[in-house]
Amino acid sequence: MLAAATWAARSAPRTTALALERALLAEAGPEVVFVGNSTTREGIDEAEAERRLGVRVTRLWTDGSGSALWWLYLKNVVAAATPPPRVCCILFRDHELTNPTLALTGAPGMQLRALMGADEPELDRLGWSAAFDPIRRLLARSWPLYSVRDSAATAVDRFVRDRIVGPLLRIAPGQAGLHYWLALSDGRMDPALLTAYQQREEDQRDTTSLDFDAQVGKSYLPEMVETARAAGVTLVLVRIRTRRDARGIPMPGRNRRFGARLGEWCAGRGVPLIDHRNDEALTPDLFGYGDHLTKRGAQFFTERLCDEIRATLGEDLATGKGPVHQ
Amino acid sequence: MLFTSWDFAGFLLVVFVAYWAIPNLRFQNWMLLAASCVFYGWIAPWWLIPLAFTTLIDWSCALGIERRPARRNLFLAVSVVANLAMLGTFKYFDFFAANAAAALHTLGWSVSAPALHLVLPAGISFYTLQEMSYTIDVWRGRIAARRSLRDFSLFVTFFPQLVAGPIERAPNLLTQVEQPRRFLMEQFLSAFPLLVTGFFKKLVIADNLAGTVDRVFMLQEPSLPLLLAGSLAFSVQIFCDFSGYSDIARGCAKLLGFEVMVNFRAPYAAVTLDEFWRRWHISLSTWIRDYLYVPLGGNRTKTAVGRHAVIVSTMTISGLWHGAAWTYVVWGAMHGLGLVACRITGFNRHWKDRSWLGTSVSWAITFTWVVLGFGLFRAPTVGWFVSGLCGGGVTHRGELLAAASIAATTCAFALPAVLLYAAERFAPRQIPLRATLRWALVALLVVLAREGGREFIYFKF
C-alpha cells in the first residue's frame, strides 16, 4: 500500500506544473502579480485591481502556503517570465514572510515540489535543513508521501465535512467549509483565551523566529529582494490585517517588535512595505471565515491597496509615467 | 525529551544498544539511571533537583522506618510531608493563595495573594505518588527498605514511565530493577505492536483532534452541540494521548527487558462508572484506592453517609491531583457523586449484565457521564461549562454543521484503533487479521501523523 501510494505521489506531473504556471502567467501577461496564500485568493479582487491600476493583474496563490513557496513563485515563475511583470506584491500575515520553514509539507509542500527547479540550494539550506533533522530532511526531500502528511489529515477533515455531514444537513459542498469556519472563527473566541493560546503557540516555536534581526538572515527575504531587483521586478511587501487585528485582540509582544524591525529593514533597502495591520478601515464585518475577507471586504481592501501601491511607487502603471521605486 | 521527537528515537537506539552490550546488572542499572537523568533533564536540567531531593528523602526515610522501629511514624511523616510540600509548592501554592485571598475578600478583608509563578517540573505528580507508595509500603511492612540508592533511584527515574506513569509500585518495578534481565526475543518483538499503537494514538488521533478541541474550548459562548462535540473529541483526544503514552512507555520498557503495568483497559467500553475507574488510569485509581480510600475507611465505614462521603472526598482529591483549578476539583467531585448515585440506585448491579438492552443503556449513560466530565475537565472555567450546557443554544446553522463534523471526524480518526481493539477483543486467534490491521496503522501513521508532535496532555499534571 505504501509503495503504491509512494508511486502515485511520485508520478505527479512535477515539471508540468511549473511549466503550466509559467504558461498561464505568460498568457495572462500581467503587469502586476499578487503572491500569497488563501488570504490572497480571498482578499484580492482582480477585476477591481485592474480597474484601479489600469493594467492587467494576476494572483498566484496556494492555500496554506508560506514564504518558501512565495520565494519559488517569485524566482521560478515571476522573475523567469519574459518579459517579467513590472510589480510583484507578496501578501503575508504577521511574521510569515521571514519564517522559512512554514508550510513545507502538506498541500503547500506538494506545490513546493512542483515549483522546484532542478537545484534549489536556498530551499535546501533555509527550508529543509532548518526545519528537519537529517532523517526527516531526507524523507521530506525524497519521499513524496512524507510531504503530503499534513494534507492527508486535512483531507480527512474536509471529506467528512463536505461529503458526509454537509449533505446530511443539506448544506452545499462548497458552503460547508464556510459554515464550519464561521462557527469556529477567531471572532467567536474569548479574546483573553485566544491571546494566551497564541502566546503559548509562539513560545513553543523556535524562540528566534520572532527575533527579526536573527531571523532575516535565515529567511528568503534578502534573496527575494535581490532576485526581484535582478529581474527588474518591483517587489512590494504587503502585511495584511488579520481578524484578530480587526477585533483589537492584542498581539503577543514579540510579534509587535518584529513588525517594527521589519519596517526599518525594508526602509533601509528601499523595499516598499505596505502595512495594513493597523488599518482601522478594515472592520471585523469585512472578514468572512478565519483571516479571509468577504467579497465586499476584498473589493474594499483591493481598492485601498491599489491606491497605496500607486502612491508608494509614485508611478502611473497604466501610462508608465513617474519615478520607478527600485 | 518527548517520546514523539526524533531526539528520543536516537536516544532510545543508543540506550538500547549500550544497555544490552553491558553484561553486568550493576553497570546496566548505572547506565539506565544515567540515561533516565539525561532523558528527564533534556528540556530543563533543574528538574533533576526536586527529583533528586525527594528520592534521597524517601530512600533515607524508608531505611529509617526499618532500622528504627520506634520512630517509624516520624520517618513516614517526614517522607509524606516532604513529598506533599514539594508538590504543594510547585503545583498548588498559587491556586490556594489566590482562592484564600478571594475568600478573605468576600469576608471584607482585602489581601493581595502572594504568587510564586513556579514552572511545574514534568511528572512531579507521578513520581511523588510512586515514591510515597514505597515509603508507605515499607512502613506497613509489606516490603523491605532498599539499601541500594542506585536501584531505588532507578525505580523512581526509570525513563519510560517517569514523566506520565504508569505510577509503578515497588513490588513490581523495583524487584525487576534488582533482578538480572535477559534479552528475550519474544519480549523484544512484543514491544513493537505497543509502540505502533501508542504512536498511532498520539500522533494520528490525539494530535489531529487537538487543534479543533482547542478552538471549541476557546469559544466565548459555546452552543450546546459544539460543547458536546468538543467534549466528545476531547474525551477521545485525552484517552489516545494518555494511553498512547502508556503504550509507548510499556513498549520502551519491554525493549529494555522490563514489564510495566497496564494503565488502560478500553475504559470507554465500561458499562458502569465503577468499571470505568477500574479501566481508566489504573495505576492512579489503584493508588488512590490503596493509599487514600482504604485508609479513610473505604467500605468499612459504618454508615452509608460516611461511605458515600469517603467516595466523594477521595474522588475530589483525585481530581485535584490532576491540576490546580476548580474544573479538576469539580470533575473529581462529579465522578464521586456519580459513583455514589450508582450505589444508591443499584445501577451497578441491576442494569449491567441483565440484557443486551440493559447493558447498552447502562453503557450509554456511563459514556455520556464520562464525556460530560471530560468536557468540564477541559473547560476554561466551571461557569463556562455550565453556561454552555444550560444556556448555549444554536445561533446559526454552521454551529450544527461544525458540531456534527467534529463528532464525525473524531469517529473517523478513532475508527482504525477501534477496529484493532475489536479484532483483539473478539477475534484474538485471527493473527493475520490483527497483523494486517497493525500494518494498516503503520501506513496511516506515515500519512496522517501530525508534524511537530504536541506535548502529552498529562505532562502538565
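Tabulated values for the structure
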item: Karplus-derived HN-Hα couplings along the range B:65-81 (A = 6.51, B = -1.76, C = 1.60, θ = phi - 60°), whole Hz, x at Gly and Pro; result: 4, 7, 7, 10, x, 5, 10, 4, 5, 5, 5, 5, 4, 4, 4, 5, 5
item: Peptide-level mean, for B:406-417, of C-beta atoms on other protein chains within 10 Å; result: 3
item: Cβ-placed point charges (K, R +1; D, E -1), dipole of the range A:74-188 about Cα centre in debye, nearest 20; result: 320 debye
item: Heavy-atom accessible area order for B:Val260, B:Val312, largest first, 1.4 Å probe; result: B:Val312, B:Val260
item: Test item: B:4-15 mean partner chain Cβ contacts at 10 Å; result: 1
item: Bridge type composition, the protein assembly as shown - antiparallel percent by DSSP, nearest 5; result: 15 percent
item: Protection proxy ranking, peptides B:7-15, B:97-105, A:240-248, B:245-253, average beta carbon neighbours within 10 Å, highest first; result: B:245-253, A:240-248, B:7-15, B:97-105
item: For the range A:209-313: relative contact order, % (alpha-carbon pairs under 8 angstrom, 6 or more apart); result: 30 percent
item: In Hz, Karplus ³J(HN,Hα) per residue of the range A:291-302 (6.51, -1.76, 1.60; θ = phi - 60°; x = Gly, Pro); result: 9, 8, 8, 6, 4, 5, x, 5, 5, 5, 5, 4
item: Residue-count net charge about A:Arg241 - beta-carbon cut-off 10 Å; Lys, Arg +1, Asp, Glu -1; result: 0
item: Interface A:B - total buried accessible surface [probe 1.4 Å, Å², rounded to 100]; result: 3400 Å²
item: When each of A:Lys75/B:Lys201; B:Lys302/B:Lys460; B:Lys254/B:Lys460; B:Lys91/B:Lys202 is checked by Cα-Cα distance, pairs over 29 Å; result: A:Lys75/B:Lys201; B:Lys302/B:Lys460
item: Interchain or long-range residues, amide H under 5 Å from A:Leu293's placed H; result: A:Gly43, A:Gly288
item: Qualifying GluC sites (Glu not before Pro) for the range A:48-97 [loop in DSSP, other Cβ within 10 Å: at most 15]; result: none
item: Those GluC sites (Glu not before Pro) in the range A:266-308 that DSSP places in a loop and that have at most 14 other beta carbons within 10 Å; result: A:Glu280
item: Per residue solvent-accessible surface (Å²) - chain B, probe of 1.4 Å; result: 43 Å²
item: Karplus (6.51, -1.76, 1.60) ³J(HN,Hα), θ = phi - 60°, over the range A:158-168, in Hz, Gly and Pro reported as x; result: 5, 4, 4, 5, 7, 9, 10, 6, x, x, 4
item: Amide H within-cut-off set for A:Asp275, under 5 Å, with H built and near neighbours excluded; result: A:Arg239
item: Neighbouring partner chain Cβ atoms per residue of B:266-275, average, 10 Å criterion; result: 0
item: Listed residues B:Ala402, B:Ile457, B:Phe426: farthest to the positive end of the dipole of the range B:394-461 (Cβ charges); result: B:Phe426
item: Apportionment of accessible area to carbon and sulfur, chain B, percent (1.4 Å); result: 68 percent
item: Helix-only CD estimate at 222 nm, as mean residue ellipticity for chain B, using -39500 (n - 2.57) per DSSP H run (n ≥ 4); result: -22000 deg cm²/dmol
item: Rounded if a/c under 1.5, otherwise prolate or oblate - the range A:14-113, Cα gyration tensor axes; result: oblate
item: Long-range HN-HN contacts of A:Arg59 with modeled amide H, under 5 Å; result: A:Phe34
item: Accessible surface of B:Trp363 - all protein chains present, 1.4 Å probe, nearest 10 Å²; result: 100 Å²
item: Relative contact order %, chain B, counting alpha carbon pairs below 8 Å whose residues are six or more apart; result: 19 percent
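The values are calculated or read from the model by the stated rules, or taken from the named source; none is laboratory data. Here the structure is a predicted model, which is why all the values come from computation and not from measurement. All Cβ positions, even for glycine, are placed from backbone atoms using ideal geometry, and neighbour counts span all protein chains on display. The area values use the complete protein model at the heavy-atom level, side chains included, leaving out ligands, DNA and RNA. Shrake-Rupley method; radii C 1.70, N 1.55, O 1.52, S 1.80 Å.
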